[in-house]
Amino acid sequence: MDHRLPFLVFILLRSLGYTTDNQSEQILITAFSSELENNGLWEEAIAVSLMLDDPRYPRINIFNLSLRIL
């Protein structure tokens, strides 16, 4: 699935103050980050992973991503 449009809509709604449950945000951000990684855009995947609100998840995602790259 192409997650670009849902991710952009999510970013727009988030900037306008709309909120969703944390689990849905995590799923969308992680899916889009994985899509970017699969397309060879690992720098962008890291930037997207940093958008996760829970401080544990960006570190885990970036660590796992860097292990797969190296």
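Structure summary
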| item | result |
| --- | --- |
| Matching residues in the stretch 39-70 - criterion: being of a type in the set (F, W, Y) and at pLDDT below 70 | Y57 |
| Selection count where residues are closer than 9 Å to H3 by Cα and surrounded by fewer than 17 Cβ atoms within 10 Å (Cβ to Cβ), scope the stretch 19-42 | 1 |
| Filtered residue count, the stretch 5-52, keeping only those that are among the hydroxyl-bearing types (S, T, Y) and more than 17 Å from S66 (Cα to Cα) | 5 |
| Filtered residues of the stretch 1-13 (kept if open to solvent by less than 80 Å² (accessible area, probe 1.4 Å) and part of a helix (DSSP H, G or I)) | P6, F7, V9, F10, I11, L13 |
| Pair list, Cβ under 7 Å, 6 or more apart: the stretch 2-27 residue at negative phi, other residue open to solvent by less than 90 Å² (accessible area, probe 1.4 Å) and among the acidic types (D, E) | H3/E35 |
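The values are calculated or read from the model by the stated rules, or taken from the named source; none is laboratory data. Remember, predicted model here, so these are calculated numbers, not experimental data. Cβ coordinates were reconstructed from backbone atoms using ideal geometry, including for glycine residues, and neighbour counts include every protein chain displayed. All accessible areas refer to the heavy atoms of the entire protein, side chains included, with ligands and DNA or RNA removed. Shrake-Rupley method; radii C 1.70, N 1.55, O 1.52, S 1.80 Å.
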